[in-house]
Amino acid sequence: MDALAVGLPSIAVGSAGCLGLITPDTADSAVRCNFGGFGLENDMTAEDVYAQLCELADSPETYEALSAFGIKLISDGFRQSDIDAAYLLDLTG
């Protein structure tokens with residue numbers, strides 16, 4: 001989360017596995033699984049992550065977009081209580 005807050009595109013990796021690059025499409029899942037710490041449904045392979053990193057390295061526009069997205073994700077009120085509420089909602093349906 002620190003890296004996202006300062007604009008560094010980041011990969012969610014935790015004790016439960018790897019979610020991959022944090023993007024607008026994966027951010028909700030990343031938050032719900034505590035960035036790979038628990039409840040991860042889709043564990044990415046090393047090859048998948050490598051492909052994401054290559055794409056990021058080859059596209060300054062993608063890097064800039066994910067940098068801005070990470071800053072916005074964290075600065076828009078990222079709170080543990082929001083994560084907990086989303087996780088409880090997932091558990092209870």
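The values are calculated or read from the model by the stated rules, or taken from the named source; none is laboratory data. Here the structure is a predicted model, which is why all the values come from computation and not from measurement. Counting neighbours? That spans all protein chains shown, and the Cβs are built from the backbone with ideal geometry, glycine included. The area values use the complete protein model at the heavy-atom level, side chains included, leaving out ligands, DNA and RNA. Shrake-Rupley method; radii C 1.70, N 1.55, O 1.52, S 1.80 Å.
Here is the list for the chain: GluC sites (Glu not before Pro) lying in DSSP coil, each with at most 16 other C-beta atoms within 10 angstrom of its C-beta, are Glu41.
Per residue, what accessible area does the chain have, given a 1.4 Å probe and all protein chains present, in Å²? Please list the in-between numbers first.
Values: 5790 Å² over 93 residues.
Result: 62 Å² per residue.
Springs between Cα atoms under 10 Å define the GNM used for the chain, and in it the highest mean-square fluctuation of Ser67, Ser81, Ser59 occurs at Ser81. Protein heavy-atom surface of region 38-93, 1.4 angstrom probe: 56% of the accessible area is carbon and sulfur, with nucleic acids and ligands not counted.
Region 33-76: D in µm²/s via Stokes-Einstein (Kirkwood Rh, Cα pairs, 25 °C, 0.890 mPa s)?
201 µm²/s
Taking 7 Å steps out from each Cα toward its Cβ at Ala3 and Asp90 produces label points 2.0 nm apart. For region 1-44 versus region 70-93, the spacing of their alpha-carbon centroids is 13 Å. Taking the Cα centre of the chain as origin and assigning +1 to Lys and Arg Cβ atoms and -1 to Asp and Glu Cβ atoms, the resulting dipole is close to 320 debye.
Can you give me the relative contact order of the chain as a percent, contacts being Cα pairs under 8 Å and 6 or more apart?
34 percent
Only helices enter this figure: runs of n ≥ 4 DSSP H residues, each worth -39500 (n - 2.57), summed and divided by the residues of the chain, yield -16500 deg cm²/dmol at 222 nm to the nearest 500. Shown here: the chain, whose C-alpha atoms stretch 41, 29, 19 Å along the first, second and third principal axes, sorted largest to smallest.
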